[in-house]
1. Residues 73, 89: which one is among the aliphatic types (A, V, I, L, M) and surrounded by 18 or more Cβ atoms within 10 Å (Cβ to Cβ)?
2. List, please: which pairs have Cβ atoms under 8 Å, are six or more places apart or on different chains, and start with a residue in region 186-199 that is among the basic types (Lys, Arg) and end with one that is in a helix (DSSP H, G or I) and surrounded by fewer than 17 Cβ atoms within 10 Å (Cβ to Cβ)?
3. State whether the residues of region 38-49 include one that is loosely packed, with under 15 Cβ neighbours inside 10 Å and more than 16 Å from the ligand (Cβ to nearest atom).
4. Residue under question is residue 26, and the condition is that it be out of contact with any strand residue (DSSP E or B) (no Cβ under 9 Å at 6 or more places or on another chain) and away from the ligand (no atom under 14 Å from the Cβ); does it hold?
5. When residues of region 6-26 are filtered for being in contact (Cβ under 8 Å) with a residue 12 or more places away in the chain, closer than 16 Å to residue 59 by Cα and either out of contact with any Cys (no Cβ under 6 Å at 6 or more places or on another chain) or assigned to a loop (DSSP other than H, G, I, E, B) (or both), how many remain?
6. What pairs can you find where one residue is in region 99-127 and closer than 14 Å to residue 5 by Cβ, the other is assigned to a helix (DSSP H, G or I) and near the ligand (Cβ under 8 Å from one of its atoms), and their Cβ atoms are less than 6 Å apart, with a gap of 6+ or different chains?
7. Pick from region 85-126 the residues that are part of a helix (DSSP H, G or I) and either of a type in the set (Ser, Thr, Tyr) or under 15 Å from the mean Cα position of the chain (by Cα) (or both): which of them is farthest from the ligand (Cβ to nearest atom)?
8. Among the numbered criteria (1) more than 16 Å from the chain's Cα centre (by Cα); (2) at pLDDT below 95; (3) part of a helix (DSSP H, G or I), which single criterion is violated by residue 69?
Amino acid sequence: MRAKIFDKGCRACPRLAGFLDAVSDRYPDYYCKPVPPFGDESSRFLIVGLAPGMHGANRTGRPFTGDHAGILLYRTLHKFGFASHEESLAADDDLQLTGCRITNAVKCLPPDNKPVGAEINTCNTFLSNELRALPESSLVLALGGIAHRAVVKALAMRQADFKFAHAAVHDLGTTRLLDSYHCSRYNTNTRRLTTEMFEGIFAQARELLAK
Ligand code: SF4
């Protein structure tokens with residue numbers, strides 16, 4: 001049997017489960033559950049974000065959908081031929097990803113967008129199963145340092161051997177890991193990550209996937 005990469009009923013992190021209950025009371029029409037991976041299940045390209053955003057994935061139930069961080073991501077996915085549209089509006093729109101899947105290191109909304117170490121570690125079992133199920137010569141794109149470290153941990157590698165750096169490529173044996181700054185509102189507003197830089201990452205990803 002295939003190891004679980006997601007459980008919609010998971011409440012293994014008490015703080016996050018309680019927080020989701022409280023957010024659900026405040027916003028009854030929000031999704032407010034663990035957010036499933038989205039995209040092509042057989043793809044060799046997996047994008048790993050940090051965690052659902054309050055009014056984005058936590059509202060809509062699809063990673064990077066409905067808030068600022070998703071605008072640049074889906075526009076870039078479309079430009080590089082991975083997405084059928086340049087906008088992801090809702091979990092029931094007809095957007096399709098081809099050759100690409102998006103997941104989060106932590107599947108539940110954390111308070112202040114900050115999961116604690118224990119929550120990252122608990123959810124790492126799902127990420128580990130997802131990474132280990134990737135086909136040969138796959139590529140993982142980590143959005144930000146926390147996602148990068150979660151991927152390294154999920155594959156039981158030493159953090160000291162794989163330092164996060166924008167546009168760095170790491171050989172993790174069963175897969176390759178490409179790093180990018182996260183496409184968050186803060187990073188794009190401060191121009192830590194520009195559209196050109198992010199498109200450069202996807203051009204690099206296309207090259208790596210062709211090898
Ligand atoms: S963050 Fe992951 S492990 Fe924790 S409750 Fe949510 S789905 Fe479960």
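The values are calculated or read from the model by the stated rules, or taken from the named source; none is laboratory data. A quick note: this is a predicted structure, and the numbers were derived from the prediction, not measured. Cβ placement follows ideal geometry from the backbone for every residue including glycine, while neighbour counts extend to all protein chains displayed.
1. 73
2. The qualifying pairs are 192/186.
3. yes
4. The answer is yes for residue 26.
5. Final tally of qualifying residues: 3.
6. 106/119; 106/123; 107/123
7. Only one residue fits best here, namely 113.
8. (1)
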